[in-house]
Structures are given as C-alpha cells and as structure tokens.
Amino acid sequence: MAIADKTKSAGKPKKKPSSRNNLSVLAKAIIANAGVGIYIVQHGKFVYVSELYQKITGYTDSELIGTDSLINIYPEDREKVRNQAIKCLKRESFEPYEYRFVKRNYEIMYILETVAPIIYQGKRATLGSFMDITERKIMEEKYSSILENIQEGYFEVDLAGNFTFFNDSVCRVLGYSREELMGINNRQYTKDKESAKKVFQAYSQVYKTGEPLKEFGWHITRKDGARRYIEGSISLLKDSSGKPIGFRGISHDVTERKNSEEALRQSEEKYRSILENIQEAYFEVDLNGNFTFFNDSLCRITGCSREELIGANHRQFSDKENAKKVFLAFNKVYRIGDPTEGFDWLIIRKDGTKRYIESSVSLRKDSGDKPVGFKGVIRDITERKQIERELNHMATHDALTGLPNRLMFSQLLNHAIMSAQRNKKQLAVLFIDLDRFKIINDSLGHEAGDQMLKEIAGRFRHLLRAVDVVGRLGGDEFIILIEEVNELNQVATLAHKILATTLKPAVIMGEECRVTASIGISIYPRDGQDEQSLMKNADIAMYFAKEEGKNNYQFYSDNIQSMANERLSIETNLRRALERNELFLNYQAKLDFKTGAITGVEALLRWNNPYLGSVTPTQLIPVAEETGLIVPIGRWVMKTACAQNVAWQQQGLPPVCMAVNLSLRQLMDDNLLSDIQTALKESGLRPNLLELEITESMVMHNPTRMIPVLTKIKETGVRLAIDDFGTGYSSLAQIKHFPINTLKVDRSFIRNLPQDSENKAITEAVIIMGKNLSLTVVAEGVETKEEENFLRQQVCDEMQGFYFSKPIDPDKFADLLRNHKASPKTH
C-alpha cells in the first residue's frame, strides 16, 4: 500500500467523488485488464481504486475514496509501507515489497505491491498496483517447515547458478548467513577448477536431457576456507508453462564419510575408531551376504542388537524385490571390481517398520587380493524419500481433495489411450461440472464450498472401479477416466449413478446443501484419438448438458460440435457488437385494463449481425451471461432505454414507465447502483419512470445478499418488478419480503386461459395475492381475446403481449403512443 507525500489538504471536507469519472476510457480499459489491483493516493488519501482492488479487499469505492490509505494495513507493517512510499516519491526505490492487509471481512491477506510516483489531475500522487499472494505465502511456509526439518540441504538456483532459495542446512554447510548466500553464484564456493567443472557439467546434463541427476559428488570451499565434500541430486526447475528457469536439488555433507573411507585404507585401528563415531552405518559381509563387522549405526537402523546382527544375512531385512536389487549390486561389484555408489533400497526393521537406505559398496579382499566379501556405508534416507514423495504428490494431485490434478490426469489418460490402442479397446472421458455450487460458496463461504467438494470427490471415488480414475481440474470441475468400455450403456449407467450420488443432500456447516451435475462424455477412438481432443470434446458435451437444463449427461456428437462452432461464432461477434452498433432495442407496450391507456413499455434487446443475420435473444443472452458481456451490454440497454423514454416525452408524448431486464451478473455487480444513477442522470429521466425487471430465481439465488441490493435500488425511486413469476423457487409467502412494486405473471400461465384449469387457478391466485400486497399485477404473453377477457374479469392491472402490440422500433412505438385512444375496452 503506497502513501503519497505528507502534505495535507486544507479546507472543508468535500463530497467523495467517483474515482472512475476521472480516468480516460483508455486508462479504464488498461486497468480493467491489468490483472492486479490499482489505486491512486494523493496527500495520504485514496482518490482512485480499481474494481479488482475492491474485489480483492472487499471494500467498495465509496468506502475508500477520501480515507487514510494506511488504515487497513496490518499495524505492524504500516511503518514499512510508509517508508516505501517516501522512497517512491523521492524516486529512490520502485522495488516490489510485501505486507499484510486487513480485508473488509477482517481476514488478513498478504500483498505484493509496486508503487510509482505520478502526476494525477496536475498534482503529485502515488500509483500502486498489488496482488493477493496469500496462497503463495501459505505454501511457502509449508515448504519452509518441511525443508527446515530435514538434515539434507535443499536449494534452488537460476540458470546462471545464483541461489534463489535454500534451507538452513545449506547455510550451515557453506558457512554463510542467509543474507550472504542469497544471490551468490556456485562458482564462489566451488573454487577449485575440477569441482567447478563437475558442477557445470552436471547442470548442463540436466538442462539438456531434462532428466534428474542423482547423487553426484563435488568439493566445496566454505566461507572460512575449509573444504567439504558434498553429494547431491539435481533436477530441472520449470515455470508453469514448462519453460526451464533454473535447477533445484538436495545435498548433504558427506565429508566425514569420505574421510572415514580414506582413513579405513590407512589404518585398521583408526578406521575402527572412526566407524563408531560417524552417523552412517558401516558394514562388512562375506561373499554369502552374512554380516561379519558393522558399527552401532547399523544396529540403530535395523533395530537389532549386535548379537542378533552378527552372522545374520542381509536378506533377512529385505523383501524379494529389494533382496534381488542388493544381490545384483553386490554381483556387479564382484564381477567388475569397481565400487558402486548411491543405490537405494528398502529394508524391513526388526519391529516390522520399513526404512529407505542409501548404500555405497566396494569389494573386500584379503592380502592376496582375493575377494572375501563386501564392505560399505549406508545411511537412512527415509525422511528425504518422504519429502520427495510429498513434493511429487503436491505437483500431481489436488491439494483439497487429494485427487489427481490436470497434469496427472493427462498423463494417466495418455497411458490409457496407448493401452486401448494396443488392445483395440474403447475408453470414456466424463467431464463433470457441478451445478448450483456457486450458491453454496456465496451463501456459506469458501470453507463450506471446500467441504462440499471433498464430499463429492469421496462419492465419486466410491462409485468407480479400482482401474478407473477420477481427477479434479479445479473449481467445481471433475473428470473421470473409464477404461475397457465394452458398450456405451456401461458409460450411461455410470453417468446415471453419478447424477444420483451428486444429487444426494450433504450437511455442510449445519446446513443441508444440494448440488447437481452436468456431464459431458467423449469416447475413444470415436470422438478423438489423443488426450487433448477427448478432454475438449467432453468439455463441449458438458456445456450442452448445461444448456439442456443441467442435471443430465450428453454424449459428444457431430451435432454438438456444430452447435459449439455456432456458439463460438456468436461469442466472437458479440464481443464487437456494441462498438459496431449492431445491437438495438425494440419496445413492447403495456396496457392498463382500467383506463385502456398505454402506461408502460418494455425494452427488448435485438441483434442483427452482417455475418450471422438476426440472432435470437435465446441465442444471444446465454452467451452474454456466460462470457460476462451481459454487464456492459446491460449497461448500454439501460442508458439507451432511459434516453429513448426522455426523447419520446420531448416529442410531446405522454410519459410511460420504461421496463428494463436485469441479469443475475448485473444484479451481483458492485457497480449496478452507480450504473442506474448514471443512466438516470445522463438521460434526465425521472426515477419513477424506470422499472427494473428481475426473475424470482435471481433473488432466490442468494436472498440474504440480493434483498439488500434491491432495497438500495428501490430507495433511489426506481421501480422493481418480478418477471416470470411462478417459474422460480420462491413461494407465494416469500414474495412479501421482496422490495418490489410489480408482479409479472409468466406467459406460460396465461396460455389457453380460461380453458386450462391449472393455469386458471395459478393466475387467479397470483392476481389475488398481488392485490393483497398492493402490487401492480401484469400479465405477459397475452395473445387472444379470451385471455384478455379472463384477465379483465380477474381485475388484473396491466397486460402485455402480441394481442395488443408486438415489439416495435422506437419510431413505430412513438406513432402507437401518439395515435392510441385510451378506453377501458381498448385492446
């Protein structure tokens, strides 16, 4: 969090301005796509905060503008941030720095921030950009805890060999402090040419082959000038795109072992003394593998006493696989005569526990140079192996559910494809997306969402065979691999089971929660012969399962691909529809039953594209919703409709209430209230002549959050209507809690009135309830004289539909409004 200069503004407090109005369109576009939170501070107070800044921190524009920019910084970090801001203004430092920030919900997050001095509205200011690095900090602390509790040194270097990360064991071995070692090059402690060359060759080999190099040794020179012998393993370090960025490795100081081995060759007495004082276990066996000599470390590793070990065979501590591994190593040493170093194997201790050990073995000869057995040094590397397994697991598995992640699943799928190809078998990929999961996250929080994901993951595991694989791709997306598919009914049966098990309720944080699943299925080799094609086509099929109402499964087909291509074309062209002026509005009148006057009008979005032709709302709206384009499009609709209403009045036409539909994304957008006020202010339309229509399912998406939003909108004087009433999740009793003015009876209940008895009963009940709640009741979709007469008899307030007027362009609507003669019998 950057701070501006210490100059304080004088004069009376002013009303907080909207920071967005002070930025150019280009600046807004850049900031919106920056991917980081942006703010500007002037005289120590916020004058601008971006939408992403608000989203990350939880604070709104109105809560921050004009306030002290230090107020939400963790108290212990404020001085650090203040000093960094001063350096920035003095142009002394622009380096990124970290600090802690207290979010709106009182959670503490870690921030990585960069600041720079700017001129804003003619005055000095500080521009800051920051991102939330909380998850990274948590992971770093976890890694640090693991790495600092092992004896071996863990290190990471860049491609030039400069240290970028290491644990305390590395500092201890090299004799440098952490501050001295950070950024130091490996050539500084490999001063002899032979070791420097050896290290360079090792790094080069790993870089060229991409394969890890296990257990090679080299000399290092400590800070105090002492020489130490190090053994280690090195692997390539890559970024998220797979590009090499450096190396990482595990090392251990084996100087004592090397010295011990040298001493063994010089003196038997000295050699025995040293053996009992080293950490590694030393052993000697005869040619049959029976122990003839060892030190106490071997007793400690095996869990046996000296009496139990003497004469015992090494095979007693191994299973068949590892006994064979040791036999082959001994046999190689016997045949070739050269020692073998760095081979590891698994032993079984006396108490039954298993430990990983690493060994170096050489041939033992008598004075006549005749082989009489073997000698070697072993060390317990169980903890190191565990860390390697954990690091590998973290790289290939989802941290929350423990399921294979996208990387691991892709590898498993590739192996399965090769197997299916060899055996001429089919396999299936099921792409699963959870429906309504976002409701749990929004209403109960991410902890509840995480619990639900773990519950669903467990259910999926329980359904599958041992040979099948379920993975998590991220968010609420899962993926399943089914091998050896004999017929499609086998896959369909499993899909039915997945739908059923997903639908079962789960008690999360004391609440009963339900989700459903949309499943897309691709079959090898019919729908693709490689991993990428199968996953892509399963994803496409999943999307159309959602389009079919969710809670179902769809097999990929050519027809689905064709629809996907059509949808992609719609999405591509829709992104430019606004700037190309391809969108326009038609208007459908609302008629008052009592007076016969036109009292309202609904703005309806239309799109005519030069390539696609006329695109229907049922094609347009879902794409706009999913891509997020519905927010800018909805903003344009509101402004255009308000301006058109005022234009009609300026022509001398009577004022009518303009109805505009809101989407769920708009309703959840933090800028909605500001957009409404801007549309009214720019057009000059009176608030009571604007009515915003929402569906009841939108409100029931999260009533706790939505009702306060609607209340704030209504407080501006704008009217609110529930559209498509009766088709959503709310009950008649719940409607009284909604801050609305109007109920619109869905067209599906108006159809075939009064002949359809069910529709008749529902419509009568809605009209009566609306009257009792003092709401205006509008019947939409009226198409026949019989429907109009029935609604008039039920004292419905207004009607809308083709029977009176179809949606028409602004000029035709002006003519309709100008020529219409109000009469109770008018239709």
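FYI, it's all coordinate maths here, none of it is from the lab. Computed from a prediction, not measured in an experiment: that's the story for all the values here. Here the Cβ positions follow ideal geometry from the backbone for every residue, glycine too, while neighbour counts run over all protein chains shown.
Quick notes
- Beta-bridge orientation, the chain: approximately 80 percent antiparallel, per DSSP, counting only bridges with both partners inside.
- Angle in degrees between helix 78-89 and the longest Cα principal axis of the chain, rounded to the nearest 10: 80
- Exposure proxy order (Cβ contacts within 10 Å, fewest to most) of D61, D815: D815, D61
- Note on L488 and I621: with the Förster distance fixed at 35 Å, the Cβ-Cβ geometry gives a FRET efficiency of about 0.55.
- Take the Cα of S62, step 7 Å toward its Cβ, do the same at R172, and the gap between the two points is 5.9 nm.
- Among the listed pairs K760/K821; K681/K712; K639/K771, those whose Cα-Cα separation exceeds 24 Å are K760/K821; K639/K771.
- The label-point distance for T292 and I133, in a model that sets each label 7 Å from Cα toward Cβ, rounds to 5.9 nm.
- Most tightly packed first, judged by the mean number of other beta-carbon atoms within 10 Å of their residues, the peptides 379-385, 218-224, 513-519 read 513-519, 379-385, 218-224.
- Put in line by how crowded their Cβ is, counting other Cβ atoms within 10 Å and starting with the fewest, T164, T742 read T164, T742.
- Förster radius 41 Å - calculated FRET efficiency between L346 and L463 (Cβ-Cβ, nearest 0.05): 0.75
- Per-residue Cβ neighbour rank within 10 angstrom, fewest leading, I230, I621: I621, I230
- Kirkwood Rh and Cα Rg combined as Rg/Rh, the range 177-221: 1.02
- For the range 589-677, the convex hull spanned by the alpha carbon atoms encloses 134 Å³ per residue.
- Fully extended contour minus Cα-Cα distance, from V372 to N392, at 0.36 nm per residue: 3.0 nm
- Rg and Dmax [Cα atoms of the range 137-253; Å; Rg one decimal, Dmax integer]: 13.7, 41
- Phi angles across the range 652-661 convert, under the Karplus curve 6.51 cos²θ - 1.76 cosθ + 1.60 with θ = phi - 60°, into 3J(HN,Hα) values of x, 7, x, x, 10, 7, 8, 9, 10, 7 Hz, Gly and Pro given as x.
- With all pairs of separate Cα atoms included, the range 572-819 yields a Kirkwood hydrodynamic radius of 18.6 Å.
- Calculated on alpha-carbon atoms, Rg and Dmax of the range 397-556 in Å: 15.2, 51
- Long-range tail of P(r) for the range 665-783 (Cα pairs > 21 Å, %): 41
- Cα-based shape type of the range 386-440, given that a ≥ b ≥ c are square roots of the gyration tensor eigenvalues and the cut on a/c is 1.5: oblate
- By the compact-protein rule of thumb, 2.2 N^0.38 Å, the alpha-carbon radius of gyration of the range 733-827 corresponds to a ratio of 1.15.
- Relative contact order (%) - the chain, alpha-carbon pairs under 8 angstrom, separation at least six: 5
- For I808, distant residues with modelled amide H under 5 Å away: Y587, Q588
- Cβ-derived FRET efficiency at R0 56 Å, Q561 paired with Q201, nearest 0.05: 0.65
- Peptide packing: for 344-351, 252-259, the average count of neighbouring Cβ atoms within 10 Å per residue gives the ranking 252-259, 344-351, highest mean first.
- Principal axis dimensions, the chain - Cα atoms, whole angstrom, descending: 127, 76, 50
- Modelled label positions at Q421 and S748, each set 7 Å beyond Cα in the direction of Cβ, lie 4.8 nm from each other.
- Each Lys or Arg adds one and each Asp or Glu subtracts one; over the other residues with Cβ under 13 Å from the Cβ of A500, this totals +4.
- Ellipticity estimate at 222 nm from DSSP helix runs (n ≥ 4, -39,500 (n - 2.57)) divided over the chain, nearest 500: -12500 deg cm²/dmol
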